[in-house]
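No value in this document is a laboratory result; all are computed from the given coordinates. Note that the structure is a prediction, hence the values are computed from the model and not measured. Cβ coordinates were reconstructed from backbone atoms using ideal geometry, including for glycine residues, and neighbour counts include every protein chain displayed.
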Amino acid sequence: MNLSRPLLKAIQEMKFVHPTPIQSVTIPVALLGKDICGCAATGTGKTAAYMLPTLERLLYRPSNGTSVTRVLVLVPTRELGVQVYQVTRQICQFTDIQIGLAVGGLDLKVQETVLRKNPDIVIATPGRLIDHLKSTPTFSLESIEVLILDEADRMLDEYFAEQMKEIIKQCSRQRQTMLFSATMTEEVESLASVSLSKPVRLFVDSNKEVAFNLRQEFIRIRSDKEADREPVLAALVCRTFRGTLYGLNVAELHGNLTQPQRLEALEKFKTKQVDILVATDVAARGLDISGVQTVINFVMPATIEHYIHRVGRTARAGRAGVSVSLAGERERKIVKEVIKRAKNPVKSRVIPPDILEKYRQKLQKLEPQITQVLQEEYEERLLSKAENQANRAEKLLKGEQGVKRPWFQTKKQRKEEKERLSLKDTVEVAKKRWVTNEVSKVALVQARLAKRKHKQKKINAVKDDSFQSGGGGKKRKSNFADLVDTSQKNAKKLRYNANFSQKMKNKNVKKGSKGGKSFGKPKQKKKR
């Protein structure tokens, strides 16, 4: 590839040897300055695919002494923004390119200071970027030359559609736009039609299949054994996937944590200070953590797409991985879909009853401690909330009341948008349910007709015409009645019928000899 020496040196430092399929097709097209609509599965190296040609372009930017923001990268989540920021810094470590990060949960004042300097690249989430556009002086998007929309399908899932349209509206029209998505939905197509101009479509691999080197396992949870999920999980992490660990070092990642706490948990997991990361769907998309060997789904996700994203945290970049999912009776449909799509055999894991009982008893003994920990966490949240209110009151007393930050929508518009989106979701769910019901009805009718078609007809030993409606008159007697009737009248009748038949036969023979030729022996004349 035609890349400059600083980038090639950084690639060598990062120990990249061969480009992935999405990188090999994206980088040459992006270097030509064309708009790109790319679709590739999770874990295929999309970040380097769009960052390398972008940095190559920035190396030849005009140096007239004024700093201008030329590249904007939009990402759906804070953690993904931090990850893209770290990867970009690694790639441009031997250049003088400046990078800024603007995501929610981090210090606003620090971000404002960075954005006032107009860094060459800004990596941001949509909400925080609009906040800075409205509130940070000297920062604008008028000089944007490259716009990158990463994980576009996730951004649209998070109701960022209006915010993204507002950001695209403020960007320069003379720009190169690259849109990347794991799945190509109707919403993504609509966004591409608005933001891209004559794009080159690169469909390497849609995110509809799990990695080829992923071993999928399922543990069945029966309807009356839902309480066994915790003992099953304890048995898995303590016995099956423990390896050489002594004890369990665990970190948590969810929306109730502050952003520094979330980043700290991720860093501990990446640096292997903790062995297990308990996370919500916050960690289901985009995060690339090397060395993840196993993903355990405590509860199966709602859709097959979410399942693919979850298990995509392991078996990345050609490495092997294992996913274990606890599936209840209500989740059998999605399990069947996974098995149907799987290219490799899917295994069913069974935990012995004595092991379950052992960990069930252990968890029961730990219940008082767990209750105490939950109570402490609740009190800590209340204390943090009280401290924030006290700090706000202190600022009000000192006359340091913060200026209300503007937004591109009024409260009424935001409320209407939320109602419209929630109504749209409800209608779509109802449509899917109606389609499912109609399909099931058609399937039942087809099954009934097929059953009727292959059903054997009634077998009759003799032809039975007794149930056919006649033209009137006396009812016919059964044939068996004539055989068992031994009366004198019936005997005369049978004798008469037999004689009558013999007479008619003889009569027919005589008629035949008179009217036609005789085929028998010629009659001999009697000698006188």
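Brief remarks on what is shown
- Counted charge near L257, where neighbours are those whose Cβ lies closer than 12 Å (Asp, Glu -1; Lys, Arg +1): -2
- Dipole magnitude for region 214-351: about 640 debye, using +1 per Lys or Arg Cβ and -1 per Asp or Glu Cβ, origin at the Cα centre.
- Its Cα centre serving as origin, region 13-125 has a Cβ charge dipole (Lys and Arg +1, Asp and Glu -1) of approximately 100 debye.
- Centre-to-centre separation between the Cα atoms of region 11-32 and those of region 169-235: 22 Å.
- Among the listed pairs K34/K415; K46/K198; K347/K451; K117/K272; K109/K411, those beyond 30 Å (Cα-Cα): K34/K415; K347/K451; K117/K272
- When region 213-300 is described by a simple charge dipole with +1 on each Lys and Arg Cβ and -1 on each Asp and Glu Cβ, the residue from Q259, V295, A227 located farthest towards its positive end is V295.
- Gap separating the Cα centres of region 62-107 and region 277-349, nearest whole Å: 31 Å
- The base-10 log of I(q)/I(0) for region 5-205, evaluated at q = 0.13, 0.14 Å⁻¹, reads -0.66, -0.77 [Debye formula, identical scatterers on Cα atoms, solvent excluded].
- Whole-number D in µm² s⁻¹ for region 214-351, Kirkwood Cα-pair radius fed into Stokes-Einstein, 37 °C, 0.692 mPa s: 208 µm²/s
- Listed residue (I304, T271, G286) projecting farthest to the positive dipole end of region 214-351, Cβ model: I304
- Cβ-based net charge around L74, under 10 Å, with every Lys or Arg adding one and every Asp or Glu removing one: -2
- Taken over the alpha carbons of region 141-276 as equal point scatterers, the Debye sum produces base-10 log I(q)/I(0) values at 0.09, 0.12, 0.16, 0.20 Å⁻¹ of -0.52, -0.82, -1.05, -1.18.
- Check: region 5-205 dipole with +1 on Lys, Arg Cβ and -1 on Asp, Glu Cβ, in debye: 740 debye
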